[in-house]
């Protein structure tokens, strides 16, 4: 019997934690922290070549400037770092591998001085040939980005290929695709491409670090999604004990994966651990135009998908070849590649699968985590090919998807049986909400109208042993503090956790507070990525809350001489109906209970909980097979109703319907926020985003002048979001992740709607006005496919 | 940013300061200047802020002659001005399409002209209305047609010892109805540089009209396509036959570049498209009134 | 470089600051401890630095600090009354879930304030245009539109003067 009552538990609508501070502007992000005049400032000197040997660095002229304290070079800090593969130097050592790579770091009394001084550092380079195209780099090993790839430490489940530019190679070999193609009635073979894109968070990276002059202990304040991952990576890279590094993670202004793992912290540490720093804190602030040069971008890809289909619409086999452009580092980028790979039949049951997903090194800024983590890339291609295949067999796109759907019990490409899910209901809803299949007229002359649908799927992409833990502390007035090292970057994790604690402890939500991560006080959590937090940390928080509750009920029972099951906690009050006793939680929560026999018992109530996924098995390195390759999948779909202005190529979205099976919405306001936000981010990427380089490898659109993201005027369409709740078996409340999923399929849904409107298939993203215009012209010439 | 800021309170003070610091940069709204300094595209030791000079702040009608848009009049000021909406509607449209309301509160029309960026949105409408640039300097004040003012990207005919005090829009003659369209292509709807800008103005008297057709972002310097104007004015109609001819003329007169924002080919096609659209809309609106 | 003393009114309080000539209002305010204005891009593109000067909204990264001499500057901290009551716009943003990471929020709220001062009952078009200079990557803007509509219903002329009892 449930022994708690709360109005603010699971599923309630509550005001989100920290919203008041955000509305007023008092919440302090890393750049807002005040350190006084003691603080030093670092600015990097960046390579002007995509690939060059560093012959010499002469910092003498910079050192002569007043206020310049010291200059760090790679030889001062030759440590390699990496979460999954240690291939990354924070400051280039001997060789610069991309245009913009830090080759030195100037440290000065102010940002302005450091900025001026970096112009005065004289670096001599010997330019070397660079490789910029991922397909070329993958198939031609004459220029190697990492000749020493074989020497880098790595985790067991990564598969780099020394002697090549392949930082990872994920394979699925299941069944016999050649036979499947031979038996098929139609074979569809298509290529889809997409450039790198940027996260576009409003807060740029910022890190302050300090090494204590007395103890050598390091403190880091950083805009990071995962305080513990930062600590782990730094400790490992610098060969320091973890308890001598403290990472404090202030609230971040948007992550989307761009602040996952370790980004600029090691670079900052190269300054603060320099002998000349003498214990002074050093701040490294990354201005907007250097964000893409400093940290992750979403990998560009070239996707080649071959699919065999029978007349009755059943897909017999699929051959996927994906080249992901991971730039100069695969330390994180290797993993979206895996994530795409082990989901490479998308939302479909396909009996024969051959997948090769490559993380390819090129001399460009490096790929890493980005909302969706391989699935936007996979599905932006797959959902287009599915539509093409549907047309080939003259079947309605939704019917084609439904008859091939990965229904409960059917195996994914790794052989893992799919759990129950509501994708069929969701897709029916989408169909209704946008009138899919119903012809609709354009609303103005000179326009064409089209509708399209795309499915979405993703599992939390993480190591098998990604664990979470939480502590619940009860104060002497019945208020509660939760230590859960998730980064609440706006997704509302702390709101959900407070609701969980409210549910399990019967304490009102307003009395419960979660705080931002600090490795010194919070217990370990792997990372805030993968849409795992509400599920994994949610489980830990639930267990911690239950632990605290059980202790409280046990002590009260003894104190009141009742049975624990006779007691309840309701809205912060402990009561026993049988004894007609009722009182608020009070200082007994910290100072113990005076028991009937005169002995003080109890003391501070601390609840602890932890969670680790019990049974994930890494896919076999040759076949990609595993009975349980991931913890669970979240599925969903996006429907788009749009118009195209034929004269200019402008795409005007009229309506988007988006639905996901979230298992259980713990915090409905936040589930809605995630779906709406991710949908618009997906639309923005689809219609206007791409990172471009010239032939020398120079980034052409580094800042918001030319890297455009959606404004209010680009969100001028009706957004109809909803969710299904098919409970997840292993879960605190049946919930599963939703944070990333809405980003996955707006792009292919738009692509499919454009095909419906224009009769031509566009094989490249973004679907910019210029590209759509070009496609319209090609359609007029009778072409069916547009590559530019 | 590292410069000395000077804040004169009169135009004559500005001129004195320019004399003392010949390399000083003039700041009106500053939305171009500050970005260029910050990005290191230009250097500045001295910046002269014109924000405290009362005589250049406003939009001042000159009865019967026209309207002076003072050097410090912002895009927001222009958008709100009813006389400009009536007689120069394309300029109002251009100001509305420029950036966003926050930037518009600060950026100035004269600044847009003096920055002389090829894609400056205010320039094609001002050209179409035969605007005049008024300067004051240590010598005689000058008045120069805007058509002659800009000679290259970011380069105008301004002399070292002078300041633009206003841009003057001549008043349409008695009995004239003005119809105008400023159309542009950009990657998204708000706060983006134009990849193509086309302005059409038709001044109607009863059922006859004079056309003025200007282009921005598709050549080194925004310009009026005089040949096209002549053809249209002689024909006194806009129909498919004429448009084919005019659009080809327009395309022949532009030299757009390819850059990260748009390709040359797309810009040329959009010159076709926007020319056609602007002319047709102006003609139909004017004719139907 | 010399420092120059600027006297102005900040959030209804007479204030002084010592600034360098080339310093932007954004950086000067942050030096004063007003950190609601953010360094999002410092090139006038993102709006995370939006403030009111007088009755109009500006991107403070594009304003030089010395330009506010003698003027009234308002930031989101200044919308809170002395009794710590949040402004109706701030409340509406919270109630409609229009805040996620919060980095764009102060700027977005100031742009909303300026918008509602000029258009107390804005149409959807006017809302979109009024906020088109403020980027948000988290919310997708729908919840922000809902918040502005809600705020417009409860916000007329300021009944209780912000920043004063």
Of the convex hull enclosing the alpha-carbon atoms of segment C:70-122, the direction-averaged projected area in nm² is 4.7
Assuming 0.890 mPa s and 25 °C, estimate D for segment A:179-277 with Stokes-Einstein, Rh taken as the Kirkwood radius over Cα pairs, in µm²/s. 153
Kirkwood hydrodynamic radius of segment C:88-154, Cα pairs, Å: 11.4
Inter-part gap, Cα centre of segment B:270-284 to Cα centre of segment A:388-458, in whole angstrom, is 40
Distance histogram for segment A:313-402 (every C-alpha pair counted, 5 angstrom bins, percent rounded to whole numbers): 3, 14, 22, 21, 15, 11, 7, 5, 1
When N is the residue count of chain B, what does its C-alpha Rg come to as a fraction of 2.2 N^0.38 Å? 1.00
Difference of contour (0.36 nm per residue) and Cα-Cα distance, residue A:65 to residue A:151: 26.9 nm
In degrees between 0 and 90, to the nearest 10, how far off the longest principal axis of chain B does helix B:11-20 point, with axes built from Cα atoms? 60
Inter-site label distance for residue A:439 and residue A:176 at 7 Å from Cα along Cβ, in nm: 4.6
At 4 °C and 1.567 mPa s, the Stokes-Einstein diffusion coefficient in µm²/s for segment A:91-203, with hydrodynamic radius from the Kirkwood sum on alpha carbon pairs, is 67
Let me check against my output: what whole-number percent is the relative contact order of chain A, with C-alpha pairs under 8 Å and at least 6 apart? 16
Using a 10 Å cut-off around each Cβ, can you sort C:12, B:134, A:49 from fewest to most neighbouring Cβ atoms? C:12, B:134, A:49
In units of 2.2 N^0.38 Å, the Cα radius of gyration of segment A:330-371 is 1.36
Ranked highest first by the average count of other Cβ atoms within 10 Å around their residues, in what order do A:142-151, A:754-763 fall? A:754-763, A:142-151
Sticking to Cα atoms, compute the Rg of segment B:100-217 to one decimal and its Dmax as the biggest Cα-Cα distance, whole number, in Å. 15.5, 47
With viscosity set to 1.567 mPa s and temperature to 4 °C, compute the Stokes-Einstein D of segment A:604-690, Rh being the Kirkwood radius across alpha carbon pairs; µm²/s, no decimals. 74
Sum -39500 (n - 2.57) across every DSSP H segment of at least 4 residues in chain C, then divide by the residue count to get the 222 nm mean residue ellipticity, nearest 500. -8500 deg cm²/dmol
What the Cα atoms of chain C span along the principal axes, largest first and in whole Å, is 47, 35, 25
Here the whole-number average of other chain Cβ atoms within 10 Å per Cβ of B:91-104 is 5
Global geometry of segment B:3-109, whether rounded, prolate or oblate, following the gyration tensor of its Cα atoms and the 1.5 cut on a/c: oblate
Inter-chain shielding of B:182-189 (mean C-beta neighbours from other protein chains, 10 Å cut-off): 5
Shape call, segment B:150-252: gyration tensor on alpha carbons, a/c limit 1.5: oblate
When only alpha-carbon atoms count, how far does segment A:653-788 stretch along each of its three principal axes, as whole angstroms with the largest first? 53, 36, 29
Degrees separating the helix B:264-288 axis from the principal Cα axis of chain B, which is the longest one: 70
Under 8 Å for C-alpha pairs, at least 6 residues apart: give me the relative contact order for segment A:484-559, rounded to a whole percent. 42
For chain C, set up a Gaussian network in which alpha carbons nearer than 10 Å are linked by springs, and say which option among C:31, C:72, C:42 fluctuates the most. C:31
Highest mean first, what order results for A:106-113, B:57-64, A:156-163 on Cβ atoms within 10 Å? A:106-113, A:156-163, B:57-64
Rounded to the nearest 5, what is the percent of antiparallel bridges among the DSSP beta bridges in chain A? 75
For B:77-84, mean number of other protein chain Cβ atoms within 10 Å: 0
Taking one equal scatterer on every alpha-carbon of segment B:224-289, how large is log10 of I(q)/I(0) by Debye at q = 0.18, 0.25 1/Å? -0.67, -1.07
Counting each DSSP H run of 4 or more residues in chain A as -39500 (n - 2.57), what helix-only mean residue ellipticity at 222 nm follows after dividing by all residues, to the nearest 500 deg cm²/dmol? -7500 deg cm²/dmol
Test of understanding: express the Cα radius of gyration of segment C:3-79 as a ratio to 2.2 N^0.38 Å, with N the residue count. 0.96
List the relative contact order of chain C as a percent without decimals, with contacts defined as Cα pairs under 8 Å and 6+ residues apart. 24
Sort B:211-221, A:433-443, A:676-686, B:271-281 by the packing proxy (mean of other Cβ within 10 Å over each peptide's residues), most packed first. A:676-686, B:211-221, B:271-281, A:433-443
Mind jotting down the distance between the C-alpha centroids of segment A:97-173 and segment A:549-581, whole Å? 62
Helix B:226-235 vs. chain B, principal-axis angle (Cα, 0 to 90°, nearest 10): 40
For the protein assembly as shown, what mean projected area does the convex hull of the alpha carbons give, in nm²? 49.8
Taking Cα centroids, how far is segment A:700-728 from segment A:180-201 in Å? 23
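Where a number appears in this text, it was derived from the coordinates with a stated rule and is not lab data. Model, not experiment: these values are computed from the prediction. Positions of Cβ are backbone-derived with ideal geometry, glycine not excepted, and every protein chain shown enters the neighbour counts.
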